[in-house]
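Notes follow once the structure below has been shown.
The values are calculated or read from the model by the stated rules, or taken from the named source; none is laboratory data. No experiment lies behind these values; they were computed from the predicted model shown. Note that we place each Cβ from the backbone using ideal geometry, even for glycine, and neighbour counts take in every protein chain shown. All accessible areas refer to the heavy atoms of the entire protein, side chains included, with ligands and DNA or RNA removed. Shrake-Rupley method; radii C 1.70, N 1.55, O 1.52, S 1.80 Å.
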Amino acid sequence: MPEWSGYLTLILQGALVTAQLTLFGSVLALLAAFTAGLGRIAPWWPLRWLATLYIEFFRGTSIYVQLFWAYFVLPFMGISLSPLAAGVLALGLNVGAYAAEVVRGAILSVPKDQYEATVALNLTKVQRMRHVILPQALPLMLPTFGNNAIELLKATAVVSLISLTDMTFQAQIVRAQTGSTLVPFAMILLLYFAMALVISTLVRKLERRMTRGLEGVR
Amino acid sequence: MTAPIIRIDRLEKAFGALKVLDGLSFDVMPGEKLALIGPSGSGKTTILRILMTLETITGGHIEVCGEQLYHMRRGDRELPADEAHLHHMRSHIGMVFQHFNLFPHKSVLDNITLAPVLTKGEPKAKAEARAKELLEMVGLSDKAQAMPSQLSGGQKQRVAIARALALQPRIMLFDEVTSALDPELVEEVLLVMKRLAAETDMTMLLVTHEMGFAHEFADRVLFFDKGHIVEQGPPEQIFRNPTHERTQSFLRKIIAAGHRV
Ligand SMILES: Nc1ncnc2c1ncn2[C@@H]1O[C@H](COP(=O)(O)OP(=O)(O)O)[C@@H](O)[C@H]1O
Ligand SMILES: [Mg+2]
């Protein structure tokens, strides 16, 4: 009978790494998504071009390759990242590229007459975005953001490539040492599921708060 | 003699190959109440939208409050207006839309105070005091905290009028402000506008299909067809003794459709 409590600790340590990757990666993804999403509809073409380049590049290449670059290739350019930082960078930028299209789509789906009212009230471009367009676009983005965050959570398993000891990596260690596949993998199955549940619950709460008063508008 | 507050000079507007306005000219005097009438598609909305800088123009000049709307003087050169110039010019003009365009995520009070606070830097308390006065004027004192989705169409439009007035523009544009309303809600909005017209010296341009209201409201009526002014004059003349055949047939059709004249 193996020493399960020790192995459990190992897996929980991995869960912490996975949670960190997901949290920090999501924050970076959010920043990247708004920067690139707004960049895509900016009135200045170099910004649009840069944003498009970023989005197409990160959607068009695999997360596996991006992670490899972040950890093994960037040092050759003088940028050495810790495994966690490299993982967050690759995951955040990858998911951010998908979420940027969500930001752009939600902004464009705010009815045109809302924009026209802001012109008639003489708001500046920044004020229009901040006080009228984004507050109406955000509730539209949230459900997809939730899906994006769960995608990011599931993608964190690739980080074992750069020797980060996340949950999946630890489960494989436990499996190798105990010969049991069922126990460690049942454990991480539940843990992944629990984390996903936390994400979707949070997003739903946020959504309910943001759409207060907006009932029956669309 | 006072100068016109709006001078439209050989204005041209095309949407792609479709020329909607082709050399349109007219002036509006300060304080004048103008009704723009004419068949659908004759360019009335386009004129108001151009004045509100919601469209670009393809030719001609517009002067508002003594300054070019779509052009700037730089030395002796004339350049297309940039965003800063448009921003400056828009402070003279307000607009009320057919579909109200209230901000659904903001309360009635916040809809009204948003622009004064943001664009004029008014203190929130002052903007709110003024908003409450305006709400009283449009008969909605009890709705300050309501969300737009809780209002009827007529109430929404009255809030939209209050919102536009809060910026105290010298010129107000009304584009068919009652045509999206159920018939029984039209009167409450017209009543507010009649009072407004009587009580202020604001210049007003009104596009409408309510001929009875235009008659009562306007100092001058412009009848448009295909982007041109066919006939203009005091309401009494246009509605009782129109001289052009096209004006006559338009008014006949409107009456047949059940509108009062
Ligand atoms: N954004 C647009 N794109 C193309 N055509 C337009 C656009 N807006 C208006 N038009 C056309 O311009 C003409 C005048 O429209 P409009 O000013 O709305 O007329 P009115 O308000 O008198 O009914 C119409 O033929 C209309 O189809
Ligand atoms: Mg129209």
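Using bins 5 angstrom wide from zero, how does P(r) for region A:20-166 break down, in % of all Cα pairs?
Binned Cα distances yield the sequence 2, 10, 17, 19, 17, 13, 9, 6, 4, 2, 1, 0.
For the protein assembly as shown, how big is Rg over Rh, using alpha carbon atoms and the Kirkwood form of Rh? Before the final figure, lay out the partial values.
On the way: Rg = 30.2 Å, Rh = 26.5 Å.
Computed over Cα atoms, the ratio is 1.14.
Let's test the formula: R0 of 35 Å, r as the Cβ-Cβ distance of A:Leu16 and A:Phe57. What FRET efficiency results, to the nearest 0.05?
On the way: r = 31 Å, r/R0 = 0.89.
About 0.65, to the nearest 0.05.
Give me the lysines in straight-line cross-link reach of B:Lys132: C-alpha distance below 16 Å, same-chain residues under 8 apart excluded.
In chain and number order, the partners are B:Lys106, B:Lys124, B:Lys143, B:Lys156.
Let's test the formula: R0 of 51 Å, r as the Cβ-Cβ distance of B:Ala198 and A:Leu197. What FRET efficiency results, to the nearest 0.05?
Working: r = 63 Å, r/R0 = 1.23.
That gives a FRET efficiency of 0.20.
Could you tell me which of the pairs A:Lys125/B:Lys226; B:Lys194/B:Lys226; B:Lys33/B:Lys120; B:Lys13/B:Lys120; B:Lys44/B:Lys194; B:Lys120/B:Lys194 are separated by over 24 angstrom between their Cα atoms in the structure shown?
Numbers: A:Lys125/B:Lys226 34 Å; B:Lys194/B:Lys226 29 Å; B:Lys33/B:Lys120 26 Å; B:Lys13/B:Lys120 32 Å; B:Lys44/B:Lys194 21 Å; B:Lys120/B:Lys194 28 Å.
The answer is A:Lys125/B:Lys226; B:Lys194/B:Lys226; B:Lys33/B:Lys120; B:Lys13/B:Lys120; B:Lys120/B:Lys194.
Among A:Val158, A:Met129, A:Ala100, which residue has its Cα positioned farthest towards the positive end of the charge dipole of region A:42-194, with +1 placed on the Cβ of Lys and Arg, -1 on the Cβ of Asp and Glu, and the dipole taken about the Cα centre?
Value computed over the given set: A:Met129.
Could you tell me the total accessible area buried at the A-B interface, probe 1.4 Å, in square angstrom to the nearest hundred? Numbers along the way, then the final one.
Details: alone 12660 and 12380 Å², together 22950 Å².
For chain A against chain B, roughly 2100 Å² becomes buried.
Counting only protein heavy atoms, probe 1.4 Å: which residues of region B:105-132 lose 50 Å² or more of accessible surface in the full assembly compared with their chain by itself?
With the partner chains in place, region B:105-132 has these residues losing at least 50 Å²: B:His105, B:Leu118.
Hey, rough spin-label estimate for B:Asn241 and B:Lys253, points 7 angstrom out along Cα→Cβ, what's it come to in nanometres?
2.6 nm
Can you list the HN-Hα couplings for region B:15-21, worked out from phi with the Karplus curve (6.51, -1.76, 1.60; θ = phi - 60°), rounded to whole Hz and with x for Gly and Pro?
Whole-Hz 3J(HN,Hα) from phi for region B:15-21: 9, x, 7, 8, 7, 8, 10.
Please find, in a Gaussian network model of chain B (springs between Cα atoms separated by less than 10 Å), the residue of B:His215, B:His228, B:His88 whose mean-square fluctuation is greatest.
Checking each option, the largest mean-square fluctuation is seen for B:His88.
Using a probe radius of 1.4 Å on heavy atoms only, what accessible surface per residue do you get for region B:103-168? Whole Å² is fine.
On the way: 2510 Å² over 66 residues.
Heavy-atom accessible area per residue stands at 38 Å².
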